[in-house]
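Structure first, commentary second.
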Amino acid sequence: QVQLVESGGDLGQPGGSLRLSCAVSGSFSSIVSMGWYRRAPGKHRESVATIDNDGSTEYADSVKGRFTVSRDNARNTEYLQMNNLKPEDTAVYYCNAWIVTKYSNTASLFWGQGTQVTVSS
């Protein structure tokens, strides 16, 4: 069974920084791509950033220049460095990953349980 566990959610100050982590565990062959999504109160879930196997990244316009997504393949962990935080970054942040398990030849999408980020002074 594959599990994604996020950590790092906290109360942050406007202009401050937080770093989220997402660790993948379980039985799998490979992680194809990983991403971060968020759901703010009263809003739909939106993509924040993605990172592929080759290291290529994409960001939502709202976080470009402020957030950086990275991954440590040796640790099967993804990170989201969030700088210059704004109150509108307040949301539950979820990581996801397309993973080829040891029981399949195709990738399946897995999600973490979410971690709360609140930006307020």
Query raised in the report: (1) assigned to a loop (DSSP other than H, G, I, E, B); (2) surrounded by fewer than 15 Cβ atoms within 10 Å (Cβ to Cβ); (3) not aromatic (Phe, Trp, Tyr): which one isn't true of Ser47, the others all being true?
Result: (1)
Report task. Any chance you could count how many residues in region 2-31 are among the hydrophobic types (A, V, I, L, M, F, W, C) and either open to solvent by 60 Å² or more (accessible area, probe 1.4 Å) or assigned to a loop (DSSP other than H, G, I, E, B) (or both)? Result -> 3
Query raised in the report: Do we find a residue being at pLDDT 95 or above, surrounded by 14 or more Cβ atoms within 10 Å (Cβ to Cβ) and part of a loop (DSSP other than H, G, I, E, B) anywhere in region 33-44?
Result: yes
Report task. Only one of these is of a type in the set (Val, Ile, Thr), modelled with pLDDT under 95 and touching a Ser or Thr at 6+ places or on another chain (Cβ under 7 Å): Thr77, Thr101, Thr90. Name it. Result -> Thr101
Report task. Enumerate the pairs (first residue in region 31-58 and of a type outside the set (Ser, Thr, Tyr); second residue anywhere and in a loop (DSSP other than H, G, I, E, B) and loosely packed, with under 14 Cβ neighbours inside 10 Å) with beta-carbon separation below 9 Å, excluding pairs fewer than 6 apart on the same chain, so at least 6 apart or on different chains. Result -> Ile31/Asn53; Ile31/Asn73; Val32/Asn53; Arg38/Arg45; Arg39/Arg45; Glu46/Ser62; Val48/Ser62; Asn53/Asn73
Report task. Return the only residue of Ser62, Ser70, Ser56 being under 13 Å from the mean Cα position of the chain (by Cα), hydroxyl-bearing (Ser, Thr, Tyr) and surrounded by fewer than 20 Cβ atoms within 10 Å (Cβ to Cβ). Result -> Ser70
Query raised in the report: How many of the residues making up region 75-121 are farther than 16 Å from Leu11 by Cβ, more than 15 Å from the chain's Cα centre (by Cα) and among the hydrophobic types (A, V, I, L, M, F, W, C)?
Result: 2
Requested in this report: Kindly indicate whether Leu85 is open to solvent by less than 40 Å² (accessible area, probe 1.4 Å), part of a strand (DSSP E or B) and under 15 Å from Val119 (Cβ atoms).
Outcome: no
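The values are calculated or read from the model by the stated rules, or taken from the named source; none is laboratory data. This one's a predicted model, so the numbers in the text were calculated from it and none came from an experiment. Glycine also receives a Cβ, built like all others from the backbone with ideal geometry; neighbour counts cover every protein chain displayed. For accessibility, only protein heavy atoms count, side chains too; no ligands or nucleic acids. Shrake-Rupley method; radii C 1.70, N 1.55, O 1.52, S 1.80 Å.
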